[in-house]
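Report on the following structure.
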Amino acid sequence: MAFTHQTIEKNTGWLIILTILIVSVGGLVQIVPLYFQRYVTEPVQGLKPYSALELSGRDLYIREGCVGCHSQLVRPFRAETERYGHYSVAGEYVYDRPFLWGSKRTGPDLQRLAGRYSDDWHRVHLLNPRDVVPESNMPAYPWLQENALKANDIQAKMKALRALGHPYSDEEIANAPKELEGKTEMDAMIAYLQSLGRAMKSTQ
């Protein structure tokens, strides 16, 4: 029996085996090289892992569903780079687990937000967006100002991230609960927003 294209199509077993083989090889060819490309696995210059306060704010960003309306990925198109700044690069997301690129922009992209507005502006905006952007359809988040920040699991989170390669020191982990003392969820959210794109801005 000749091993021809027609033979493979007629034999379900061979068709399944060869399909799995080809898909596996194709997947490996795409994925494996990424582990050897330094620009994909190494952080951009000046990038630091999130502080305890910023990390707590990131969790709140996820909890409140902000990623459903805001992206964190500036695409390499002229319209986007003129509005937001330098397009996003892989090394910016080394310490993002999971990444929060988003898939929809009801609101603007936030990847270059660091330093664009003051902390007070963010506070007013989160309490009532219409006070600073009259046409905004973003909901208000007044409870962030009222809720005290909980520090009961911050050390466990930082230890887990360190196991994944984030360079947290023993001292940073030990001092994490103290960093969150007396802080509100609003403080944490603002700290996180002010960290977005900070490393890229410092290198430009």
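A compact table of results
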item	result
Calculated from backbone phi, Karplus (6.51, -1.76, 1.60) coupling profile of region 129-135 in Hz, x at Gly/Pro	x, 5, 5, 10, 10, x, 8
Most fluctuating residue given options Tyr93, Tyr35, Tyr84, as computed from a GNM of the chain linking Cα atoms under 10 Å	Tyr35
Above-threshold pairs, the threshold being 21 Å between Cα atoms, out of Lys157/Lys201; Lys150/Lys201; Lys178/Lys201; Lys157/Lys178; Lys48/Lys201	Lys157/Lys201; Lys150/Lys201; Lys178/Lys201
Per-residue ³J(HN,Hα) for region 152-166, Karplus 6.51 cos²θ - 1.76 cosθ + 1.60, θ = phi - 60°, Hz, x for Gly and Pro	5, 10, 5, 5, 5, 5, 5, 5, 5, 5, 5, 5, 8, x, 6
Two-site label geometry, Arg78 and Asp131: point separation in nm, points 7 Å out along Cα→Cβ	4.0 nm
Label assignment, Rg and Dmax of the Cα atoms in Å derived from the structure, set [x] 16.9, 53; [y] 22.4, 78; [z] 17.6, 55	[y]
For Thr184, residues with placed amide H under 5 Å, excluding near neighbours	Leu149
For the chain, the longest site-free run once GluC sites (Glu not before Pro) in DSSP loop states with at most 10 other Cβ atoms within 10 Å are removed	1-134
Highest-fluctuation residue, Val32, Val23, Val124 considered, GNM on the chain with Cα pairs under 10 Å	Val23
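FYI, it's all coordinate maths here, none of it is from the lab. The shown structure was predicted, so the numbers you read here are calculated from the model rather than taken from an experiment. A quick note on method: Cβ atoms are made from the backbone with ideal geometry, for glycine too, and the neighbour counts reach across all protein chains shown.
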